Structure formats: structure tokens, C-alpha cells
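Below is one structure, written out as C-alpha cells; comments come after it.
The values are calculated or read from the model by the stated rules, or taken from the named source; none is laboratory data. Just so it is clear, the structure is predicted and the values come from calculations on it, not from any experiment. Backbone-built Cβ (ideal geometry, glycine too); neighbour counts: all protein chains shown.
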Amino acid sequence: MRIVRESGARCRWLAAALALGVLAGCAGHGAGDGPPNLVIVLVDTVRADHLGYHGYGRETSPRIDAFAARSQAFLQHYSTSSRTEPAVASIFTGLFPRSHGVLNPLTRIDAKGILRDEHTTLAEILTASGYDCYGYVANFNVSDRFGFAQGFADYAFCESAAAPDLRQRASAVLAAARERPFFLYLHYMEPHSHYAAPAKYRSLWVDPDYRGATDGSQGQLNEIVTGRRTLAAADLAQLEAYYDQEIRYVDDEFAMLLDEIEARGLHGRTIVVFVADHGEEFLDHGSALHGYTLYEEQLHVPLVIHDPRRRDARRIEATSRHVDLLPTLLDLLGLPRPALCQGQSLVPLLDERPAAPGEVAVLAEGSLRAAKTVRLQSLAAGGWKVIRNVLPAATVELYHLAEDPAERNDLAAREPQVTQRMLARLDEVLAGLPAAEGKTTALSDDEIRRLRSLGYVR
């Protein structure tokens, strides 16, 4: 168990949360019912448009689709970054990257940004409110090494990065569930590169007559990013098939988890959330992988919330963001939100009530030093989206998402007034966010090798 020593201010806040949570947690439940359990299943690197309930033509996600059909599916959900660490930090804290500070330094490859102890996480709030909190992750980037274990009684990086390992750990938590509510966070690595689904999936959607060299390996994907490898149409089709195979694999794993929750009689008192951290590119804008751009294929991700106390399934078109997940879940659990929380609760949308007044702007930031070095920011609002590339070169892009959702036509030169207005709005939004002091930790040679195998360092 990780013991976190809190600052005086945060100790007082958590104590108040516990006192309020005990009272609030009793609201909204029948007599004798305790507060509901919470399970968050995060599947790494899933772009929304490769799932069936988002209209994809392949049957990549039959069980996820069935889950979405009986739940509240947010069809316009967006990440705060195209990288795992800042995206997950936003889910855990309700803060944008500018304020949680988990953006990697670009001056060294042997250092990495971490989530500072001063930030209040979902697990810390739930622990203070009487929950047993468990987290099992297959992505080293969000291991306890980088501050993501805050508030969890048990938090482990699964070295094998295999979905069955996560399921086995989840099964132990579910088997031990008793009267105290629990929070279980599972972070699956599939379909993150490299793309290599188990053998039983490898015949799905591939061309049996394909004779090319594309194999879905990390090395080949890095070569696409750097321009040293080009893909013909047949190569791209194979690459997407490998990716889709992994989605189908994790769909089966998700199905087994849902089946076990039901078999153990926990489905009637467990909120289940399905979400992805960020998406993936397949030459949508001439490249591959993620982290190097902030286009829609990188930021538009799935979010489905199943609360068994809500009988109405809904497909919600309103915009939602990773920062909105923490206040939403706390609202559903009857718990107060922390003093510093930049998202807004989505519960009014679940209740078909008017959302908070004002336009929802989608802000994203990214930085990465790997196959290329990049730093960039984007803001989508009012049907427009501006992307400001700081590194490797200072450039600006503008897209009219209402008419060009695939971001094919850069209008920055043709619409200079709109471009300047959106840049001013981006600067205004960023200036309104308290900037966290970034904290880094040195990486060992072994850790650098591990991150290099995932495409995160050169």
C-alpha cells in the first residue's frame, strides 16, 4: 500500500470530502444500499471511429457496442492530449495538462514528467470517502514510477502488458468485494503499437494474398513517422487490419470482465466506464502512431458510462472532455469535487437537463521527443479548430470542423481574421489556467529501453 503524506491544505480538503461524502454517498440510494462501486476500463490508443457503435464497418467491438447500447454513450468525447500520461492525468485530476504539469521536458531523453503529489486524484477522493481503490496498468507511462498511484491501496504495473494479466488481477478484486465499495482502474495496452494480436485474431480483415513487408512492428511505424517508409494502399490496409485485430481482442477481454461482474452479482451496484486515452493515425495526415499531432483521429475517443441506477440508454451528441470525467463520476457517487477542477459534470446531460451555460471549448496540448520532437496546442470551439505547432517549426493551422471534420483543408491563410481570433481565444484559455510547475524524474537505461520499445524515445 502506498502511503501518501498530504500537505496540510489537502489533508483538510480530504477530511472535509470524507465528512461530506459519508452524507452525500447516502443520497440517491435505496434503503440498505451502499454507494456504488466504480470500474474504469481505459483501453489505450483507441480512436472512436474504429468502433462499431461509432459507425465503423468492421465488427471490431461487438461487446463494447452492446455495452454502449444499454448505457450512456458520449459520441463527441475528446482527450486533452494525444499522449497517454497527460491524458490519464486529466482523467485522474480533472485538470488540463497546463495545470497538472505532466508534459515531458524536450531537452533530455533521460527525464520524464510526473504527476506531482500536490494534485488531488480521483483515487484519493474515493479513498477518503471509504472506498478501497485498486489500479492495474499495462502501460509503463502511467506506472507508480511517475506518480499515478496516488490514493490507491494497491497499484501495479503489469510487466507482461497482457490483457489476461489485468483480468486476473481484476478478478481477485471482484472476488474479494464485500460491503465496502471499491474503485477499480484497469488500463489495457491493446491496441497500442506494436500491433500483434494473439494468433486466433490474425486472420481477421487481412488480405490472404498480401505479399508486402508491413508487419505492424514498432520499428516500421517509427519509419513511417520519420518519412523513411512509405505505404502503398495495400500496406495501409494490412496495417489497419492489425490494429483492428487488437481492438477485437480487447473487446473479448472486456466482455469477460463484464461477465464476471455480473456473475458475482455486482452489476446492479457497479458503475462501469469505458474510455480511451487517445487515438491513432493511419496516414490521415500523412503519418502514423500518436503524440505527434492533435488532429481529430488522435483526440476523438470513446466514452461510455453505465450506471445501473439509470435505466435509459442514450447516445449523447454534446461535447465532452477528459477533464469532465472526474466531476461527473463524483457527481454520480454523491461526492464533492475538489476545489481545483477544470471540468464540468456531465450528469445534466445524462438527465437531459440543460448543461452549464457557455460554450464547451476543447483544449489539447502535447509534447514528445521520440521519432520527432514536437510541442503543440489546439483549441476547438464554435465549429472551428486552431492548431499551433511550436516545435519543430512555428506554424498555425485552421480547420472548419463543421464542414471539414476530417481536417483536410487548412484555412489559416484564407481566413486570417478567424485564425487570429482563434489564436487569441487559445491564448485566453491557456492564460486562465493556473500553470503547474513541471516535475521530472531521471530515467534509468532500462526505463529508456522500455519506453523506446513503445516508440516514446529515440
Identify the residue in region 348-379 that is small (G, A, S) and assigned to a strand (DSSP E or B) and, among all such residues, is surrounded by the fewest Cβ atoms within 10 Å (Cβ to Cβ).
-> S367
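Can you work out which of the residues in region 119-154 that are within 18 Å of R450 (Cβ to Cβ) and not in a loop (DSSP other than H, G, I, E, B) is modelled with the lowest pLDDT?
Filtering region 119-154 for residues within 18 Å of R450 (Cβ to Cβ) gives 136-149.
With the extra rule that they be not in a loop (DSSP other than H, G, I, E, B), the set shrinks to 136-137, 140-142, 144-146.
Details: Y136: 96, V137: 95, F140: 86, N141: 86, V142: 89, D144: 86, R145: 85, F146: 82.
The residue in question is F146.
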Is it fair to say A393 is hydrophobic (A, V, I, L, M, F, W, C), part of a loop (DSSP other than H, G, I, E, B), touching a strand residue (DSSP E or B) at 6+ places or on another chain (Cβ under 9 Å) and free of Cβ contacts under 8 Å to residues at least 60 places away in the same chain?
-> no
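Would you check if Y210 is at pLDDT 95 or above, buried (at least 18 other Cβ atoms within 10 Å of the Cβ) and aromatic (F, W, Y)? Break it down stepwise before answering.
Numbers: at pLDDT 95 or above: yes; buried (at least 18 other Cβ atoms within 10 Å of the Cβ): no; aromatic (F, W, Y): yes.
Criteria not met by Y210.
Please indicate, with yes or no, whether at least one residue in region 152-169 is in contact with a Pro (Cβ under 8 Å, 6 or more places away or on another chain), under 30 Å from V374 (Cβ atoms), in contact (Cβ under 8 Å) with a residue 24 or more places away in the chain and aliphatic (A, V, I, L, M). Walk me through it before giving the result.
The initial filter retains those residues of region 152-169 that are in contact with a Pro (Cβ under 8 Å, 6 or more places away or on another chain), namely none.
No, because not a single residue in region 152-169 is in contact with a Pro (Cβ under 8 Å, 6 or more places away or on another chain), under 30 Å from V374 (Cβ atoms), in contact (Cβ under 8 Å) with a residue 24 or more places away in the chain and aliphatic (A, V, I, L, M).
Taking the stated definitions as given, is P164 out of contact with any helix residue (DSSP H, G or I) (no Cβ under 6 Å at 6 or more places or on another chain) and at pLDDT below 95? Walk me through it before giving the result.
On the way: out of contact with any helix residue (DSSP H, G or I) (no Cβ under 6 Å at 6 or more places or on another chain): yes; at pLDDT below 95: yes.
Yes.
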Condition test on T214, is it part of a helix (DSSP H, G or I), more than 24 Å from R83 (Cβ to Cβ) and not hydrophobic (A, V, I, L, M, F, W, C)?
-> no
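Restricted to region 155-168, and to residues that are outside any helix (DSSP H, G or I) and among the small types (G, A, S), which residue is surrounded by the fewest Cβ atoms within 10 Å (Cβ to Cβ)? It would help to see each step written out before you state the result.
Step one: list which residues in region 155-168 are outside any helix (DSSP H, G or I), which gives 155-162.
Now drop any that are not among the small types (G, A, S), which leaves 156, 160-162.
Details: A156: 16, S160: 10, A161: 18, A162: 16.
Checked region 155-168; the qualifying residue surrounded by the fewest Cβ atoms within 10 Å (Cβ to Cβ) is S160.
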Single residue of S71, S61 found to be more than 30 Å from L426 (Cα to Cα), out of contact with any helix residue (DSSP H, G or I) (no Cβ under 8 Å at 6 or more places or on another chain) and either touching a residue at least 40 places away in the same chain (Cβ under 8 Å) or crowded, with 24+ Cβ neighbours inside 10 Å (or both) = S71
So E260, is it surrounded by 19 or more Cβ atoms within 10 Å (Cβ to Cβ), among the charged types (D, E, K, R), in contact (Cβ under 8 Å) with a residue 12 or more places away in the chain and outside any loop (DSSP other than H, G, I, E, B) = no
Starting from region 336-351, take each residue that is more than 21 Å from H119 (Cβ to Cβ) and list its partners that are modelled with pLDDT under 95 and in a loop (DSSP other than H, G, I, E, B), counting only C-beta distances under 7 angstrom and pairs at least six apart or across chains.
-> P348/P354; P348/A355; L349/A355; L350/R310
Residue list for region 302-341, filter: buried (at least 23 other Cβ atoms within 10 Å of the Cβ) and either closer than 17 Å to P97 by Cα or touching a Cys at 6+ places or on another chain (Cβ under 8 Å) (or both) | S320, R321, H322, V323, D324, L325, L326
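Filter region 225-257 for residues that are free of Cβ contacts under 8 Å to residues at least 24 places away in the same chain and of a type outside the set (D, E, K, R); which is surrounded by the fewest Cβ atoms within 10 Å (Cβ to Cβ)?
So the first thing to find is which residues in region 225-257 are free of Cβ contacts under 8 Å to residues at least 24 places away in the same chain, and the list is 227-230, 232-233, 235.
Narrowing further to those that are of a type outside the set (D, E, K, R): 227, 230, 232-233.
Working: G227: 11, T230: 11, A232: 10, A233: 8.
Here the answer is A233.
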Which of the residues spanning region 385-410 are crowded, with 18+ Cβ neighbours inside 10 Å and over 23 Å from the mean Cα position of the chain (by Cα)?
-> E397, L398, Y399
G382 is checked against (1) among the small types (G, A, S); (2) within 24 Å of T328 (Cα to Cα); (3) buried (at least 17 other Cβ atoms within 10 Å of the Cβ) and fails just one. What number does that condition carry?
-> (3)
